[in-house]
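A.B. asks: Sending over a structure as structure tokens; questions will come in a sec.
Quick note: the coordinates plus some simple rules give every number you see, no bench work behind them. Note that the coordinates shown come from a computational prediction; the quantities given were computed from them, not determined experimentally. Methodologically, a virtual Cβ is constructed for each residue, glycine included, from the backbone with ideal geometry; neighbour enumeration extends over all protein chains shown.
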Amino acid sequence: MGLPSGTVTFLFTDIEGSTSLWESAPDGMRAALERHDALVRNAINAHGGHVFSTGGDGLVAVFARAADAMASASQAQAALTAEAWPESAPVRVRMGVHTGEAIERGGDYFGPALNRAARLMAMGHGGQVLVSHATEQLIEESLATGLELVDLGEHRLRDLSRPERIFQLRAPGCDTQFPELRSLDAARTNLPVQLTSFIGREKDVKAVDALLGEHRMVTLTGVGGVGKTRLALQVAAEALDNFPDGVWLLELAPLGEPSRVVEALAAALSVEPIPGKTIEQAILDKVEGSRILLVLDNCEHLLDEARRVVRKLVRAAPRLVVLATSREPLGAPGEQVVPLRSLNSQSSVRLFAERAVAVDASFILGDADREQVTHLCRRLDGIPLAIELAAARVRMFSPAELAEHLDQRFRLLTGGRGAVERHHTLRAAIDWSYDMLAAGERAVFDRLSVFGADAHSPPRRRSVAATASTRSMSSRRCRA
């Protein structure tokens with residue numbers, strides 16, 4: 001039989017603390033990993049599962065039936081618990097089980113369900129099997145004899161979504177007592193809940209996370225609406241384990257004056273005034289010696305003050321790391337700049353489809369519409385904000401009609417998108433930096449921005465990215 005498709009159940013496994021085990025006992029770990037793979041694969045095969053990926057020191061399997069995934073997980077954990085592991089490589093495996101729709105292509109799977117299963121597993125501890133509410137509902141009446149699901153309550157996963165109800169599998173021969181889950185609720189952070197799923201930036205997350213391990217200052221740059229903030233938040237959530245003193249977000253967009261930055265930073269870090277010291281000195285005392293990740297979001301309109309604060313922080317706290325988002329670099333010493341590109345075609349179409357379903361549950365991306373949506377996303381240059389605003393109009397326009405009216409994009413691409421005013425319309429996103437210029441700077445920019453056409457050719461049609469990039473030049477002050 002081929003791989004299952006449609007609604008499937010994923011089982012993720014991972015050896016807890018494998019990095020340190022490889023460093024301390026590579027030979028023992030090599031033999032232990034081989035034995036681990038044999039035990040887990042045997043349990044997966046015994047219940048009709050298919051191993052289709054080997055990520056890190058674990059396996060990823062898919063099942064047509066949720067009950068089979070549960071039986072496989074319990075058998076694997078019992079075998080792993082009973083195994084006599086060498087003292088140098090005591091293998092403890094955490095597992096996550098989640099059910100949802102996924103796309104199978106070329107022997108691999110794609111979709112939010114896969115990411116959710118992985119993040120569910122990451123919350124657990126060695127010997128523990130965590131199960132999502134979606135899977136629990138499917139097997140509530142068909143759980144094998146001897147197996148039990150214990151309700152652990154609601155927890156926030158590191159995809160920054162709303163809390164998920166989590167269950168723990170109890171099975172004969174397996175451990176039952178574990179520490180608190182590694183969820184966002186247990187972490188020291190103020191990262192906000194995100195109302196939409198994270199799409200299409202998985203490679204970027206890994207790349208930026210790697211940079212945070214090597215540099216003290218990383219800045220994500222790009223045109224308005226390209227997804228800098230969402231990527232920074234996801235990177236920060238994934239990096240929680242690396243920063244025991246917390247991951248803290250400071251949103252600069254609502255601040256109109258440089259003088260408010262320090263005050264807002266104190267609030268984000270929960271710093272109280274200290275008699276005889278300025279609030280800035282109190283902040284520096286608080287972070288000194290701390291292993292903290294500070295996320296500074298939307299720095300472009302407060303570049304000078306953001307640069308000054310960052311320089312003081314990294315000098316006072318050698319273990320503090322800064323992740324910033326801005327339409328242009330801060331210019332701080334040691335800054336690593338990551339220009340963020342638009343989404344590729346596949347991710348753009350997936351983003352459009354998910355956001356369209358959110359506003360119109362009856363929307364189905366069939367073969368007839370896929371070509372039109374692909375063309376639409378290409379015309380929008382893969383900019384997430386523009387794609388989301390277009391998807392919000394599917395209640396009034398079909399994909400073909402949206403593409404047809406795209407020349408009027410500044411009137412077409414409007415709609416609510418949370419509380420961020422500059423994201424309510426495409427024009428607002430592009431004008432954000434332009435509006436920060438002084439009158440003389442605007443005059444220079446306007447003159448530099450004129451695109452002419454000769455009498456024998458029509459005016460040039462400019463893409464969203466070209467318009468946004470040109471307007472974003474204004475944030476570089478246009479000082480010729």
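A.B. asks: Hey, can you grab everything whose amide H is under 5 Å from the amide H of Gly289? Only 5+ residues off in sequence or another chain; H modelled, so Pro and N-termini drop out.
C.D. replies: Arg319
A.B. asks: Placing one identical point scatterer on every Cα of the chain and ignoring solvent, what is log10 I(q)/I(0) from the Debye formula at q = 0.08, 0.09, 0.12 Å⁻¹?
C.D. replies: Taken in order of the listed q values, log10 I(q)/I(0) reads -0.58, -0.72, -1.15.
A.B. asks: Also, quick follow-up: Taking the beta-carbon count within 10 Å as an exposure proxy, list Arg355, Arg230 from fewest neighbours to most.
C.D. replies: Result, fewest neighbours first: Arg230, Arg355.
A.B. asks: What number of lysine-lysine pairs in the chain show an alpha-carbon separation below 17 angstrom, given a sequence spacing of 8 or more or placement on distinct chains?
C.D. replies: Lysine pairs, 8 or more places apart or on different chains, close enough: 5.
A.B. asks: Now for a separate question. Compute the length gained on full extension between Asn344 and Glu257: take 0.36 nm times their separation in residues and subtract their Cα-Cα distance, giving the result in nm to one decimal.
C.D. replies: Contour length minus the Cα-Cα distance gives 27.7 nm.
A.B. asks: What is the order of Phe363, Phe178, fewest Cβ neighbours within 10 Å to most?
C.D. replies: Phe178, Phe363
A.B. asks: List the residues, sorted by chain then number, that are 5 or more residues from Val337 or on another chain and whose placed amide H is less than 5 Å from its amide H.
C.D. replies: So Val337 has HN proximity to Thr219.
A.B. asks: In addition: Whole-Hz Karplus ³J(HN,Hα) for the range 147-164, in order, using 6.51 cos²θ - 1.76 cosθ + 1.60 and θ = phi - 60°, x for Gly and Pro?
C.D. replies: Computed from phi, the couplings for the range 147-164 are 9, 9, 10, 9, 6, 9, x, 8, 9, 8, 7, 7, 8, 6, 7, 5, x, 10 Hz.
A.B. asks: List every residue whose amide H lies under 5 Å from the amide H of Val295, counting only residues 5 or more places away in sequence or on a different chain, with H placed 1.01 Å from N in the peptide plane.
C.D. replies: The answer is Trp248, Leu249, Leu250, Leu323.
A.B. asks: On the Cα set of the range 118-265, report Rg and Dmax in Å, please.
C.D. replies: Rg, Dmax (Cα atoms, Å): 18.7, 64.
A.B. asks: Assuming R0 = 51 Å, what is the FRET efficiency of Ala316 and Ala358, from their Cβ-Cβ distance, to the nearest 0.05?
C.D. replies: Between Ala316 and Ala358 the formula returns 0.70.
A.B. asks: Helix-derived [θ] at 222 nm for the chain: sum -39500 (n - 2.57) over DSSP H runs of at least 4, divide by residue count, nearest 500?
C.D. replies: Computed mean residue ellipticity for the chain: -12000 deg cm²/dmol.
A.B. asks: Are there GluC sites (Glu not before Pro) in the range 151-204 that DSSP puts in a loop and that have at most 11 other Cβ atoms within 10 Å, and which ones?
C.D. replies: Of the GluC sites (Glu not before Pro), the ones in loops of the range 151-204 whose Cβ has at most 11 other Cβ atoms within 10 Å are Glu180.
A.B. asks: Using θ = phi - 60° and the Karplus relation 6.51 cos²θ - 1.76 cosθ + 1.60, list the HN-Hα couplings for the range 239-255 in order, rounded to whole Hz, with x at every Gly or Pro.
C.D. replies: Karplus values, whole Hz, x for Gly and Pro: 8, 4, 5, 8, 10, x, 8, x, 10, 10, 9, 10, 8, 8, 4, x, 8.
A.B. asks: Oh, and also: Which FRET efficiency value, to the nearest 0.05, do you get for Ser5 and Ala443 by plugging their Cβ-Cβ distance into 1/(1 + (r/R0)^6) with R0 = 51 Å?
C.D. replies: Efficiency computed from Cβ-Cβ geometry: 0.30.
A.B. asks: While we're looking at this one, here's another question. Which FRET efficiency value, to the nearest 0.05, do you get for Asp175 and His405 by plugging their Cβ-Cβ distance into 1/(1 + (r/R0)^6) with R0 = 60 Å?
C.D. replies: 0.50
A.B. asks: How long, wide and thick is the range 6-170, going by the Cα atoms along their three principal axes, in whole angstroms, largest first?
C.D. replies: Computed over the range 6-170, the largest-to-smallest principal extents equal 41, 37, 32 Å.
A.B. asks: Bin width 5 Å, origin at 0, all Cα-Cα pairs of the range 202-339: what percent of pairs per bin?
C.D. replies: All Cα pairs considered, the percentages come to 2, 11, 22, 25, 22, 12, 5, 1, 0, 0.
A.B. asks: Whole-Hz ³J(HN,Hα) for each residue in the range 93-106, computed from phi via Karplus 6.51 cos²θ - 1.76 cosθ + 1.60 with θ = phi - 60°, x for glycine and proline: what do you get?
C.D. replies: The phi angles translate into 10, 9, 9, x, 10, 9, 10, x, 7, 8, 9, 9, 8, x Hz.
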